[in-house]
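A.B. asks: Once you've had a glance at the structure underneath, I'll fire off some questions.
Each reported figure results from applying straightforward, stated rules to the coordinates on display, with no laboratory input. Here the structure is a predicted model, which is why all the values come from computation and not from measurement. Neighbour counts are summed over all protein chains in view; Cβ atoms, including those assigned to glycine, are modelled from backbone coordinates with ideal geometry.
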Amino acid sequence: MSTDRPIEITHLPPRLHQDFDGLIAPVTHADPDHVETNFCSRALAAFTIHQVAGCSLQEASDSLVDGGNDGGIDAVYHSANSNTLWCVQSKFLTDGMSEPGLHEVTRFSTGLDALLRGDFEELRANPAWSVKLPHIEYLMSGGTLSVRAALVYSGIRLVSDDRRRLFETLKTRYSPDDDYFRFDAFNLTTVHDWIIGAADIRAVKEVALCIRKPGWLKDPHEIVYGLIPLSDLVELCAAHGDRLIASNIRRYKGSTEVNEEIASTVRDDPGSFLYLNNGLTAYCERLEVRATDRANAEQKNIRAFGFSIVNGAQTLGILSKTCTPGSAPEGFAFIRIISMERCEDDRQFAERITRSTNTQNEILARDYVALDPEQERIANQLSPSGITYHYKISDEAIPQDAYNFSILEATTAAACLMQGNTAPKFVARTLSNRKSLWDTEIPEGETISRYSRVFASSLSARSLWRAVQAQRIVLDKFREFARAEPARKAFFENGRWLILNLIFLRLKPESGEATSLSAEEIASFSGAALTVSEEVWSACGTLGHISVVQGGGYSFPRHFRSVFCDSEDCRRIRGEVLRAANTQNPAVTENGNQIPGTEE
């Protein structure tokens, strides 16, 4: 797979300039690269303050204190709402891969240590710090302040243990039994989520609901459950749309047998809806029950923050299709809302809830794949480039254009990027049983699932999108060839994935910095479609899968589907093509190694 810079790093400088040009003055320096890196590093600190503290861009830029005698702290900001003092060290890394050096991080921890024990002598020599210190000294003399240290950097590597231990030592020293001091590390992945608003995409920031005949449990996880009027659900859909179900494994699937039954109940017998519908399950980051309703057994007015419905997308879709605000029938649905506030791993628990509650419509392996963070990562990485990755089932038509692609296309392209001994198995399975590529169970004798091989964490979103573009070009050509040569139609229909794998091996679409293929690359893939398909046709002839009959024409001892569904046949054909190519051009390689007559 490609080891080029991650696509996320290309999105960061434009956003930093968009937010902070005119607010943060660039340094004067002869080297333009130094000027840019310095600006981005300081702007990254301010951007972090803006995100974590919820302050304005002007306030965030005013929080910068970097310079001589800054204690390794680049920005400091007091959030009055939460009485939290934020201290940030930032590092802009142009490669998008690494992490800050140990020396720099050690300086940050040393500066924090001095701040926490009330030693401000070094900081007084820094002009920006000296202005802020009187207020900070006053804050730290009280008993309710919280201190949050944040290390932010533009690399995808997680912060190393030797760096993290520096802050664990501070936690043990100053805040062993409470939440007075806490450390967070934010890498490029988190920063990119901020850029695209991923947290906002996944959930509705806040909803207010009135739950009738409620139940309320608080241990071990807080949960409120009861009845919600159908009219309230219609209002909720109108206000928030698809964001309401962004964490669901699928969106509204349109007309299915089950969904038609739900729609019929809404139209004809809404009073029975409660008894005939499984209800809805939602989770949220935090729940608040109105104080005057805490002992009210008839209803509870609640506020749910970071709210998402994880089971009930079909019910909501039907209500929004059949009703408009103000016209919903009288009736109720059952709802339960689970708070993630006390969960050690809220994301893992949320996924368990989603898997366990989605049973009303048939659940496919592809539905569960939508829960995988790798799918969300791919979508998030491409979003700022204007590319939408559709990885959830929906009733909407997905345009096959320069801005959209589906998980179906992504799966076949990723499978055809496989190399070495694994490749024939996966191209054969792409033809014979494509759904099995979404299988998350680990096969006997293996150490990793098929799905994890296809969508490996090392597969970048840019590489995948480039492979999908190349796949479209090649498959379009195969359709042209099949129309032009009806006698070979079965060959192109069934051999396409093996041919595509060989084309990918030769032209490496996963390489390159650009998100979109260039005109030259498009021409190369178009030409390779003919060249490589002829090489595979020839290899099939050599191995006895094609015979020339007297008087012209061909005979086929076995149907091409049986040939290309067989991983062993695919291995032999692929090996024959590579051997022939290596004979003609010794530079032909796989995995960076010259092929000495056979790949196996």
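A.B. asks: Based solely on its DSSP helices, what 222 nm [θ] is calculated for the chain when runs of n ≥ 4 H residues each add -39,500 (n - 2.57) and the sum is averaged over all residues, nearest 500 deg cm²/dmol? Each step should come with its number before you reach the end.
C.D. replies: Details: 24 runs with 283 residues, N = 600.
The helix-only estimate for the chain comes to -14500 deg cm²/dmol at 222 nm.
A.B. asks: May I pose another question? Mind jotting down the distance between the C-alpha centroids of the range 7-62 and the range 506-521, whole Å?
C.D. replies: 31 Å
A.B. asks: Which residue, chosen from Phe491, Thr515, Pro443, occupies the Cα position most advanced towards the positive end of the dipole of the range 404-594, where the dipole is computed from +1 (Lys, Arg) and -1 (Asp, Glu) charges on Cβ about the Cα centre?
C.D. replies: Of the options given, the answer is Phe491.
A.B. asks: Now, a different point. Distance from the Cα centre of the range 292-346 to that of the range 120-177, in angstrom?
C.D. replies: 40 Å
A.B. asks: Taking +1 at the Cβ of each Lys and Arg and -1 at the Cβ of each Asp and Glu, which of Ser56, Ile24, Leu93 sits farthest along the dipole of the range 7-196 towards its positive end, judged by Cα position relative to the Cα centre?
C.D. replies: Result: Ser56.
A.B. asks: Right, next: Sort the following peptides by mean Cβ neighbour count (other Cβ atoms within 10 Å, averaged over residues), highest first: 304-310, 140-146. Can you show the working numbers first?
C.D. replies: Working: 304-310: 22.6, 140-146: 11.1.
Highest mean packing first, the order is 304-310, 140-146.
A.B. asks: Over 23 Å between C-alpha atoms is what I'm after, so list which of Lys435/Lys508; Lys218/Lys300; Lys205/Lys300 land there. Don't skip to the answer; put the middle values down first.
C.D. replies: Numbers: Lys435/Lys508 25 Å; Lys218/Lys300 14 Å; Lys205/Lys300 20 Å.
Table pairs above 23 Å Cα-Cα are Lys435/Lys508.
A.B. asks: Rounded to the nearest 5, what % of DSSP beta bridges with both residues in the chain are antiparallel?
C.D. replies: On the way: 37 of 60 bridges.
Of the beta bridges lying entirely in the chain, close to 60 percent run antiparallel.
A.B. asks: Counting Lys and Arg as +1 and Asp and Glu as -1, each charge on the Cβ, what is the dipole of the chain about the Cα centre in debye, to the nearest 20?
C.D. replies: That gives a dipole near 1300 debye.
A.B. asks: On to the next question. Wrap a convex hull around the Cα atoms of the chain, take a quarter of its surface area, and give that in square nanometres. The partial results should precede the final answer.
C.D. replies: On the way: hull surface 140.4 nm².
Computed as one quarter of the Cα hull surface, the answer is 35.1 nm².
A.B. asks: In what sequence, highest mean first, do 170-180, 400-410, 455-465, 72-82 appear when ranked by Cβ atoms within 10 angstrom?
C.D. replies: Values: 170-180: 12.1, 400-410: 16.5, 455-465: 20.6, 72-82: 19.1.
Result, highest mean Cβ count within 10 Å first: 455-465, 72-82, 400-410, 170-180.
A.B. asks: Provide the gained length on full extension for the span Glu122 to Arg173, in nm with one decimal, where the gain is 0.36 nm per separating residue minus the Cα-Cα distance.
C.D. replies: 16.3 nm
A.B. asks: Among 221-232, 13-24, how do they line up by average Cβ neighbours within 10 Å per residue, starting with the highest?
C.D. replies: Details: 221-232: 19.2, 13-24: 16.2.
Highest-to-lowest ranking by the protection proxy: 221-232, 13-24.
A.B. asks: Any lysines with Cα under 23 Å of the Lys132 Cα? List them, leaving off those in the same chain fewer than 8 positions away.
C.D. replies: By straight Cα distance, Lys132 reaches Lys91.
A.B. asks: Continuing with this model, one more query. Which of Ile223, Thr169, Val536 sits closest to the plus end of the dipole of the chain, meaning its Cα is farthest towards the positive end, when Lys and Arg get +1 and Asp and Glu get -1 on the C-beta?
C.D. replies: Val536
A.B. asks: If we restrict to alpha carbons, what Rg and Dmax does the range 404-594 come to, in Å?
C.D. replies: 16.5, 53
A.B. asks: Right, something else. For Gln419, list long-range residues whose amide hydrogen, built 1.01 Å from N in the peptide plane, is under 5 Å from its own amide hydrogen.
C.D. replies: none
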